[in-house]
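Worksheet for the structure shown next.
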Amino acid sequence: MNAPAEFTAPAADQALLRSVLRTSLRLLFRGLVRPPMPIAGQRAVLRLLTAVSPTPRGITRSVGILGGRPCEWHKPQSGRGTVLLYLHGGAYLIGGPNTHRAICSNLAKRGQMDVCALDYRLAPEHQYPAAREDALAAFEELIKLGYKPEQIVIGGDSAGGNLSLITSLRLRDQGLPQPAALVCFSPVTDFTGTQLHEPPAGDPLIHRKWVEQALALYCPAGLAHDDPGLSPQFADLHGLAPLLIQVGEDEILRNDSLRFADKAKAAGVDVRLQRYPELWHVFQAHAGMLKAADFALAEVVSFLRERGC
């Protein structure tokens, strides 16, 4: 892949910690979160792996309802007026606000902004486009609550990155305002799965069988996997909100980010691509532990500040 990269992070340090995390993820996540483990079991594994997530000092966490769906709010004592609607990852099959507290609370702290993690509907109980409908409803309710579109950021990781992109495109197609910015950590952009990356060091998190399972359970029968509403890589990207993409080099979904950044640039989108060597899928989840994760979240805040958020 030769997509232009505006930024490549320096080589990651903390070699011992990275090795421990990589081995743990390979055994406990990649080894379990895939067939034949039932979806209920996969959900339980992720909850256990993310059970301990200390809230940074100065951030309060509360539960609520947004757009008819449960959510978790992470709020600083004195915010800047910006809100991040965070859409968690998990292949549209697993995960929730409680599994992504490290990212959400640390972004709230660093950005001094409200972060609302939405508990959108998951497959196989609810296939596409249920999650997109939930995200759209949440965005519209944020506006009803008094946030202006230029104060709202939509962001997410993996499937949540995909949901961020297709929500922004749906808002555009409906003639509704765009958010101030989009922030995507290793977003899924191409559900055809035909251009997956083969990292020399291997992907310690995602097993190909899990990708195949997600495709089978999330995508409705009869809907082509290159449908633009499902796979934004095949959409017209004109008018998309300013976009930051962060991706690790050691993940099979790396090319989704590179190709999408290429196409977004060609469409005139304000897009910044950041590549992180020696790191894996959604390494930002290790915020507060891994220096590279803290660095990446600081880059998110810088990107938002540059755009007035």
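The values are calculated or read from the model by the stated rules, or taken from the named source; none is laboratory data. Small disclaimer: the values here were computed from a predicted structure and weren't measured. Note: ideal-geometry Cβ built from the backbone for every residue, glycine included; neighbour counts use all protein chains shown. The accessibility values were calculated without ligands, DNA or RNA, using every heavy atom of the protein model including side chains. Shrake-Rupley method; radii C 1.70, N 1.55, O 1.52, S 1.80 Å.
Every residue, every condition in (1) under 29 Å from K263 (Cα atoms); (2) part of a helix (DSSP H, G or I); (3) in contact with a strand residue (DSSP E or B) (Cβ under 9 Å, 6 or more places away or on another chain); (4) open to solvent by 10 Å² or more (accessible area, probe 1.4 Å), yes or no:
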{"position": "G79", "(1), (2), (3), (4)": "no, no, yes, yes"}
{"position": "Y86", "(1), (2), (3), (4)": "yes, no, yes, no"}
{"position": "Y147", "(1), (2), (3), (4)": "no, no, yes, yes"}
{"position": "R170", "(1), (2), (3), (4)": "yes, yes, no, yes"}
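With respect to the conditions (1) open to solvent by 30 Å² or more (accessible area, probe 1.4 Å); (2) touching a Leu at 6+ places or on another chain (Cβ under 7 Å), D250 lacks only one, and its number is (1). Within region 66-73, can one find any residue that is touching a Cys at 6+ places or on another chain (Cβ under 9 Å), part of a loop (DSSP other than H, G, I, E, B) and open to solvent by less than 10 Å² (accessible area, probe 1.4 Å)? Taking every residue of region 66-73 in turn, none turns out to be touching a Cys at 6+ places or on another chain (Cβ under 9 Å), part of a loop (DSSP other than H, G, I, E, B) and open to solvent by less than 10 Å² (accessible area, probe 1.4 Å). There is at least one residue in region 172-179 that is at pLDDT 95 or above and buried (at least 22 other Cβ atoms within 10 Å of the Cβ).
The set of residues from region 48-65 being open to solvent by 60 Å² or more (accessible area, probe 1.4 Å) and under 26 Å from M113 (Cβ atoms) comprises A51, V52, P54, R57, T60, R61, V63, I65.
Of the residues in region 47-69, at least one is over 20 Å from the mean Cα position of the chain (by Cα) and at positive phi. The combined condition, being in contact (Cβ under 8 Å) with a residue 24 or more places away in the chain, open to solvent by 10 Å² or more (accessible area, probe 1.4 Å) and either over 30 Å from P54 (Cα atoms) or hydrophobic (A, V, I, L, M, F, W, C) (or both), is fulfilled by D262.
When the test is whether a residue is of a type outside the set (F, W, Y) and buried (at least 17 other Cβ atoms within 10 Å of the Cβ), A267 does not pass it. When Q195 is tested against (1) modelled with pLDDT under 95; (2) closer than 23 Å to R170 by Cβ; (3) of a type outside the set (A, V, I, L, M, F, W, C), exactly one condition is not met: (2).
If you filter region 172-217 down to residues that are acidic (D, E) and assigned to a helix (DSSP H, G or I), you find that the one that is farthest from Y92 (Cα to Cα) is D173. When restricted to residues that are closer than 17 Å to R259 by Cβ and surrounded by fewer than 15 Cβ atoms within 10 Å (Cβ to Cβ), region 196-226 contains 3.
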